[in-house]
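Sharing a structure, written as structure tokens. Questions coming.
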Amino acid sequence: MTVDTPLGFRGKSILAPMVRVGTLPMRLLALDYGADIVYCEELIDIKMLQCKRVVNGKIFCFACFSFHIDVLDTVDFVAPNERVVFRTCERERHCVIFQMGSADAERALAVAKLIESDVAGIDINMGCPKEYSTKGGMGAALLSDPDKIESILTTLVKGICKPITCKIRILPSVEDTVNLVKRIEKTGVAAIAVHGRNKEERPQHPVHCDVIKAISEAVSIPVIANGGSHDFIKEYMDIETFQKATGASSVMIARAAMWNPSIFRKEGLFPLKKVMQDYIKYAVRYDNHYTNTKYCLCQMLREQLETTQGKKLHAAQSAQEICEVFEMADFYEETTAVFTAKKASLETNIQDEDDQMDDPDVIKMAVRFDKREYPPQITPKMYLLEWCRKEKHPQPVYETIQRPLDRLFCSVVTVAEQKYKSTLWDKSKKLAEQAAAIVCLRTLGIPEGKLCEGENHLINKRRREDQERLNDRDRGDDVAEPSHKKANFIEGASDTSVPEM
């Protein structure tokens, strides 16, 4: 496929992929300070494939209140547990490289297609020596499997239109490293990043500039030199020194940027206090989880962690407390006020839409289903089903929709030709259906099975049926399936009978 390569990869200063560090606030700060390209932290293919892409509509928690992504102006990839795995925004769309951990060509391609429209390029991690990356054959483990490397990279180059890169470590011999890189070049990748240490070496070991230089001379594609923070890069001018020492096309910076991302400034480093405050502004503005924010700030403080400020940072348990440590309480309050106002405006719009869509023939209540208020395995839907059977009504029919703006659910249940629903939208289809069942039961004056209702006839019925089955089994009789097993089957079927919208 034709590759869109506005990045160039020549003469660039690049923020390296760093686990827990390369999240959106750090990437944006590096761009502000002069970085040309930024890599996100390595994200594993299997986790990404479980994510939903969410734009302008997901609700998240900010301190003690919720707000919508269109307040943030972000694109999020959200895991089933509601955790944001990858967050990006328009500001970085043309210069962010998504680094992926993968050992399978088809999975890698599936992830690349998922995020292709939101990033500038895709990188495969082939250099990280840590266990979280090497397990399953990813990271540096790929260096011993050049066939798999070739398969993954070729599949990606042919499968998507964005530039593909990879990041490797050097092999024990220069010859083996150069041969591997030449094979990688033939896959059609746009560039290759080389950390100038082998997988056994650590930052305190000297970086092998000679090996990176041999690679640069052996291939025609751009080579990005990495690993110079310890020996070379202390300020902006050192970036060029490292580039010349390696003969590379560009330089990728990890730890020096983690310690002070203003390393990318041609005019020189900013004082650490300003850098940390700039970082905090992005962290709050983009709802970065406070534990990640605290981790990155601790990396910047380094030897100052034992100071009074460092100890206060270590003790902070929220974004607000972090802001207070760095004399930014007013900023936090002002930002919170802006989010609150936008949230209120959005909720008004949502309520207006709900009012326009309202059916006057539907009986409504503002209720939610809280499973803590019910015995295990007993739900309002089951009580409603039992009642319909007893009264010889058709079983309840649930119609559930998902609201595009915030991806919440609302369900309408029809019982004896009357419709019922809760006016409160829920985070899952099942919870919305339980709430609709509660509205129906309460309207009809039927017990719903709550613990506070005293004796639970449905539980007692189950116990009797189970005891009867045990007695029949002891006598050697055929054992019929109890009614509550059938009820479970029917209820489960109703959960999947209505397509999600």
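The values are calculated or read from the model by the stated rules, or taken from the named source; none is laboratory data. It should be emphasised that the depicted structure is a prediction, and the values quoted were computed from it without experimental measurement. Here the Cβ is made from the backbone with ideal geometry for all residues, glycine too, and neighbour counts use every protein chain on show. Please note that ligands, DNA and RNA were not included when accessible areas were found on the heavy atoms of the full protein model with its side chains. Shrake-Rupley method; radii C 1.70, N 1.55, O 1.52, S 1.80 Å.
Could you grab me the full set of residues in region 291-308 that are under 24 Å from Thr340 (Cβ atoms) and open to solvent by 50 Å² or more (accessible area, probe 1.4 Å)?
The answer is Thr291, and nothing else.
Does Arg302 satisfy the criteria of being closer than 23 Å to Thr88 by Cβ, of a type outside the set (A, V, I, L, M, F, W, C), outside the structural domain of Val38 (by the TED database) and in contact (Cβ under 8 Å) with a residue 40 or more places away in the chain?
Judged against the criteria, Arg302 is not a match.
Just give me the residues in region 12-23 being open to solvent by 10 Å² or more (accessible area, probe 1.4 Å) and closer than 15 Å to Ala283 by Cβ, in sequence order.
Arg20, Thr23
I've got another one for you. Pick from Lys234, Lys199, Lys213: which is assigned by the TED database to the domain that holds Pro129, open to solvent by 60 Å² or more (accessible area, probe 1.4 Å) and either assigned to a helix (DSSP H, G or I) or at positive phi (or both)? It would help to see each step written out before you state the result.
On the way: Lys234 fails: either assigned to a helix (DSSP H, G or I) or at positive phi (or both); Lys199 fails: either assigned to a helix (DSSP H, G or I) or at positive phi (or both).
None of the other options fit; the residue is Lys213.
Still on this structure, I have one more. Suppose we filter region 309-321 for residues that are modelled with pLDDT of 95 or more and open to solvent by 70 Å² or more (accessible area, probe 1.4 Å); how many remain?
Qualifying residue count, region 309-321: 5.
Which ranges mark the strands (runs of 3 or more DSSP E) fully within region 1-63 that have 3 or more residues being at pLDDT 95 or above?
The strands (runs of 3 or more DSSP E) meeting that bar are 13-15, 37-39.
What's the total number of residues in region 245-290 that are among the polar types (S, T, N, Q), open to solvent by 10 Å² or more (accessible area, probe 1.4 Å) and over 21 Å from the mean Cα position of the chain (by Cα)?
3
Oh, and also: Please find, among Arg407, Arg464, Arg475, the residue that is of a type in the set (Lys, Arg) and either closer than 30 Å to Thr74 by Cα or at pLDDT 95 or above (or both).
The unique qualifying residue is Arg407.
Also, I was wondering about something else. Counting only residues that are farther than 18 Å from Glu333 by Cβ and either without any contact (Cβ under 8 Å) to a residue 12 or more places away in the chain or touching a Ser or Thr at 6+ places or on another chain (Cβ under 7 Å) (or both), how many does region 275-287 have?
Total meeting the criteria: 1.
While we're on this one: Check Glu131, Glu185, Glu116, Glu200 and return the single one that is free of Cβ contacts under 8 Å to residues at least 12 places away in the same chain and among the acidic types (Asp, Glu).
Exactly one residue qualifies, and that residue is Glu131.
While we're on this one: Scan region 289-304 and give yes if some residue there is touching a helix residue (DSSP H, G or I) at 6+ places or on another chain (Cβ under 7 Å) and among the hydroxyl-bearing types (Ser, Thr, Tyr), otherwise no.
yes
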